[in-house]
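Written out below as structure tokens is the structure these notes cover.
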Amino acid sequence: MDIKKIANLISNMGWRYISFRARHEVLKRSGMLVKKFPTAPPFKEYITLEQWKKQDVKFFFQSKSDLQFPKTPTPELEVTYNQIKNGELLMFNSILTKLGKEYDWITNPDSGFKYDINKHWTQIPDFSKEAGDIKFVWEKSRFSYLYDIIRYDYHFDKDCAALVFGDIISWIDANPINQGPNYRCSQEMSLRILNWVFALFYYRDSELLTADLFSKIQHVIYWHLHHIYKNINFSRIAVRNNHAITETMTLYLGGLFFPQMPGSAQWRKNGKKWFEQEIAYQIYEDGTFLQFSMNYHRIVVQLLTWGITISEKNGDNFSQIVYDRAWSTVNFLRVCMIDANGYLPNYGANDGALFFKLSSTHYRDFRPQVMALASLLNTYPGINKVFEDIDWYGCYPRHKQNLNAANGMFKFPLGGYYIIRQPDTLTFIKCGGYKDRPSQADNLHVDIWYKGENLLLDAGSYKYNTDDKTMRYFSGTASHNTIMLDDKDQMLKGGHFIWYYWSQLVNVKLDLVGDDFVFTGEVKVFSYISKAIRHKRTIKHNVNSQVWEITDEIRNLPNGMTLNQLWHTPEKPKNHIEFAAFDGNDNPLSGLIRQGWQSSLYGRKEPTREVVFSTSDNKMITFIKIGE
């Protein structure tokens, strides 16, 4: 890494991050982390099944018999259950994968690579061309698919305890403590605990939940919590995103659910304190989220729903800032939501995660999760449908406060989002600066939706570990509806999730001028080429038409560089969309039409139509018209 990149990284991330990463690497290479996270610890029964059942700790429900909401045995749920039973899993809510009934838990079904289960987790790389995307191994091991089995059990009156406990014991037998890929990520371990706990409460009265089986599970849960607590600074300093929120909440709940375990009081006390700190830091006051990702924001929605519900049931409420941030989160996501289907722009990193899927809805439909949190906050989010999530959580809406997403302009300056809602359209604009790590190089990107269809779209993420060219396309400027200079990204790409020379806001405003919505935003971009470059974008949209006039101007355009304006549309849109572009001297420009790509779901790559207008001038005016 050259000295300029190092200086830029320090300037962006800070010395605390740099020093922690350096120290962590030293501990890892010296073998000190191996001693900190022991393998083959002696078995110990920290809490018996009888003790666990007698303790006065409240979950969403205490057992299956507590659940009394209507049963709806749908064919879709039955198909999903049978797929799981036969060794198939819908990975990332996208790819139906045949793992087999005897899956070993450590083979990557995408690459065929089998991890060495005898290696300490510190010896397992996150990124390896030979191994492929490690998320394919983690996916089943987080046990989120248990919700499909449990929901089938409830709605079809079928006892699935044998399948659930059989898989949990199979995983325990195949994954020695602190060894192999499934101990590599503390967030994955956190999710595994939460999902096992959900199953333990549901099958609390099952004759298959024996003392011996529970004893085996509680031993592994202890070492999961021990690992998460000892490694929490990695998430809170080196990562500082939804991982830290997941892990701190899991420590709090782990201490609450298993108070007999050594260290549980500290897990609960510090977990709660750290969770409150992470929520206050990661969710900005306007409800936007520091990861600049709609799907990761939904993850936080689910974690807030878990945390607030269980803390209140146990008389241990969080501080007011958690409630304030939760409410502002619901408000932001509701404004960005498409009323017809609950979709949001496919904005930011999207790895297909939906931790606790408690409704038979499409993965891109945010309504079940947003409504559950809104209901918990005594808010009615203007969604004309009730979803199953609230039945499982028991957070039934009391409708004390309406939160309808009205038509008009909405500004979220801390996250850098500007939204124009109209009866048939939604215009979503990204314009901001970064004080936290950016996910994608997409400043001044614009999404346009018409009658529920995403006509100007964001390409998504595809995979986090694939070839460099594909990764750069999906995370870079090329897959967004904004400007490139030649083939350059707005920021300089580093390794995997790293960007140098973060783009920054110069000024922005959104107003209604007569009958026109007028957005004007200017950002500092391409500063690794020249610190003087600025991109100014003006968007005019008449309230009575389906036409957008978009003016792009590059100030201090370097000599010899070409201004490229990119638009990404569905390959075969249901609705009509047309473009007309002119340079700064009103000369018409011919658009180059080429194949692009989008990933509406993680791991899936689909063709799109890219329209590119190019000029050596520093200004371009484009008219976009949509209709049926």
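Rule-based calculations on the coordinates, nothing more; no lab input. These figures come from a predicted structure and were not determined experimentally. We place every Cβ from the backbone using ideal geometry, glycine too, and count neighbours over all the protein chains shown.
Things worth noting here:
- Close amide H contacts of I95 (hydrogens built in the peptide plane, cut-off under 5 Å, sequence separation of 5 or more or a different chain): none are found.
- Cα pair count fraction exceeding 20 Å, expressed as % - region 128-278: 50 percent
- Test item: Cα-centred dipole of region 57-183, Lys/Arg +1 and Asp/Glu -1 on Cβ, debye: 180 debye
- Taking amide H as placed 1.01 Å from N in the peptide plane, H362 has no amide H partner under 5 Å among residues 5 or more places away or on another chain.
- Sequence-ordered 3J(HN,Hα) estimates for region 182-194 from the Karplus curve with 6.51, -1.76 and 1.60 and θ = phi - 60° stand at 7, 10, 6, 10, 5, 5, 4, 5, 4, 5, 4, 4, 4 Hz, glycine and proline given as x.
- Loop-located GluC sites (Glu not before Pro) in region 69-104 whose Cβ has at most 12 other Cβ within 10 Å (DSSP): E102
- Measuring r between the beta carbons of D586 and Y323 and using R0 = 56 Å, the FRET efficiency lands at 0.55.
- Computed from backbone phi with θ = phi - 60° and the Karplus coefficients 6.51, -1.76 and 1.60, the 3J(HN,Hα) list for region 131-140 is 6, x, 6, 5, 4, 5, 7, 5, 4, 6 Hz; x is used for glycine and proline.
- Positive-end residue of T361, F519, I321, charge dipole of the chain with Cβ unit charges: I321
- Alpha carbon Rg of the chain, scaled by the compact-globule rule 2.2 N^0.38 Å: 0.98
- Value at 222 nm in deg cm²/dmol, rounded to 500, when DSSP H runs of n ≥ 4 in the chain each add -39,500 (n - 2.57): -10500 deg cm²/dmol
- Between the residues G31, L77, Y145, the greatest Cα displacement towards the positive end of the dipole of region 20-155, with unit charges on the Cβ of Lys, Arg, Asp and Glu, is found for G31.
- Residue-wise HN-Hα coupling along region 592-608, computed from phi with Karplus coefficients 6.51, -1.76, 1.60 (Hz; x: Gly, Pro): 8, 9, 9, 7, x, 9, 9, 10, 5, 9, 4, x, 10, 10, 10, x, 10
- Förster radius 51 Å - calculated FRET efficiency between K625 and Y46, Cβ distance, rounded to 0.05: 0.20
- Counting other Cβ atoms within 10 Å as a rough exposure proxy, the listed residues D157, D286, D389 run D157, D286, D389 from fewest neighbours to most.
- Charges were assigned to the Cβ only: +1 to each Lys and Arg, -1 to each Asp and Glu. The resulting dipole of region 408-627 about its Cα centre is roughly 580 debye.
- Panel order for H120, H226, by other beta carbons found within 10 Å of each beta carbon, from fewest to most: H120, H226.
- Where labels lie 7 Å past Cα in the beta-carbon direction, separation of K114 and D487 in nm: 4.0 nm
- Modelled spin labels at K129 and N542, positioned 7 Å past Cα toward Cβ, are 5.5 nm from each other.
- Among the trypsin sites (Lys or Arg not before Pro) found in region 307-413, those both in a DSSP coil and sparsely packed, with 11 or fewer other Cβ atoms within 10 Å of their Cβ, are K385, K400.
- Virtual spin-label span in nm between Q266 and L96, 7 Å along Cα→Cβ: 4.9 nm
- Long-range HN-HN contacts of G596 with modeled amide H, under 5 Å: T608, R609, E610
- Residues in region 106-133 reached by a label modelled at T39 [backbone nitrogen below 11 Å; 7 Å Cα→Cβ]: 116-124
- Projecting the Cα atoms of V335, I232, N346 onto the dipole axis of region 193-351, where Lys and Arg carry +1 and Asp and Glu carry -1 at the beta carbon, places I232 farthest toward the positive end.
- The charge dipole of the chain, taken about the Cα centre with unit charges on the Cβ atoms of Lys, Arg (+1) and Asp, Glu (-1), comes to about 1780 debye, rounded to the nearest 20.
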